Amino acid sequence: MKNVRKIVLAGAATAVLALTACGQEGSPETGGGGSTSGETPAAAPTYAVATGVTLEGSPTFEKITSAGKVTIGVKADQPGIGQKDAGSGEYAGFDIEMAKLMAAKLGLSPDKIEFVETVSANREPFLQQGTVDMVIASYTINDKRKEVVDFAGPYYVAGQDLLVRADESEITGPDTLAGKKVCSVEGSTPATRIRDEYPDADLVTFDAYSKCVEQLTSNAVDAVTTDDAILRGYAAQQPDALKVVGAPFSEEPYGIGLPKGDTVMRNALNDAIETAVTDGDWKKAYDYTLGGSGTDPEPPTVDRY
């Protein structure tokens, strides 16, 4: 059967989900831009939950409907992007807001989302094994990954940069990394770029960026590299000890990872991203989480490959 994407709004006889529109619950303490900027955070955004949504031909949507919830892989250690509060267990950050926003467009309120902590190396396996329905975890779209998973988006475009100690003067960009210990996450695009394009750097890898930051503050490594938005979050947590070099040397389009072959769901989420940009929800999510990080990016343009 040919996959046909169809989103039917409230009142349709074939509705799979019929949920009452409601706002996202949240508080500045658990997710706002104040967590990275030190400024008064913006009010928690709300996203209208669509009603009567059906996606014919999407196995992912069928799984979500059967379970009555959507399972989303997210990062847990990236301030401003995806971070889990050790006390409350709540997740916060731009990726978390995007997850809530995408769920709302599919007809699911925030209480119908199950967040699953993922690290860079297990994002593809989680999708392939059905552990999660989608991944929204600072997940850079690239051709190698598209061989085994699909992507909607991008929903954000970051740039690789370097986090160093506040008194560092020798490291000013990637061309000054020769002989320096540089930490990143194994399996990530930033680690691969350092290994391939800057082989004179001494690359050290862990399974989480938070471990790299610990290595940096203990003088075990000289720099941490990943996307600039993530690094600004870490720098804002320790402004007297850490700083971002401020010389991005890549473009990292963040996408929503999906099981390979679910074109119907990919198209639906691409539509949702474009709608969020148009109706202002994307900007609300950004301002709430990354608005104090020193960047004001252009909204993304969806790539319908």
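The values are calculated or read from the model by the stated rules, or taken from the named source; none is laboratory data. These figures come from a predicted structure and were not determined experimentally. A quick note on method: Cβ atoms are made from the backbone with ideal geometry, for glycine too, and the neighbour counts reach across all protein chains shown.
Results, tabulated for the structure shown:
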item	result
Failed criterion for VAL70 (all others in (1) of a type in the set (A, V, I, L, M, F, W, C); (2) over 23 Å from ASP279 (Cα atoms); (3) in contact with a Ser or Thr (Cβ under 7 Å, 6 or more places away or on another chain) hold)	(3)
Residue that is nearest to GLN237 (Cα to Cα) [pool: residues in the range 206-227 that are out of contact with any Lys or Arg (no Cβ under 9 Å at 6 or more places or on another chain) and among the hydroxyl-bearing types (Ser, Thr, Tyr)]	SER210
Filtered residues of the range 243-263 (kept if over 18 Å from the mean Cα position of the chain (by Cα) and crowded, with 21+ Cβ neighbours inside 10 Å)	VAL244, ASP262
Options THR295, THR301, THR275; residue that is over 27 Å from VAL149 (Cα atoms) and either touching a helix residue (DSSP H, G or I) at 6+ places or on another chain (Cβ under 8 Å) or at pLDDT below 95 (or both)	THR295
Qualifying position, being at pLDDT 95 or above and within 19 Å of SER210 (Cα to Cα), among VAL74, VAL70	VAL74
Test: LEU269 is under 15 Å from the mean Cα position of the chain (by Cα) and either in contact (Cβ under 8 Å) with a residue 24 or more places away in the chain or under 25 Å from ASP77 (Cα atoms) (or both)	yes
Of residues in the range 222-241 being in a strand (DSSP E or B) and modelled with pLDDT of 95 or more, the one nearest to GLU197 (Cα to Cα)	THR225
Subset of the range 106-121 that is at pLDDT 95 or above and in a helix (DSSP H, G or I) - its residue that is surrounded by the fewest Cβ atoms within 10 Å (Cβ to Cβ)	ASP111
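Rundown of residues vs (1) assigned by TED's automatic domain parsing to the domain that holds ALA268; (2) in contact with a Leu (Cβ under 6 Å, 6 or more places away or on another chain); (3) charged (D, E, K, R); (4) within 30 Å of ASP240 (Cα to Cα), yes/no style:
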residue: ASP111; (1), (2), (3), (4): yes, no, yes, no
residue: GLN128; (1), (2), (3), (4): yes, no, no, no
residue: TYR139; (1), (2), (3), (4): yes, no, no, yes
residue: ASN142; (1), (2), (3), (4): yes, no, no, no
residue: LYS146; (1), (2), (3), (4): yes, no, yes, no
residue: VAL149; (1), (2), (3), (4): yes, yes, no, no
residue: PRO174; (1), (2), (3), (4): no, no, no, yes
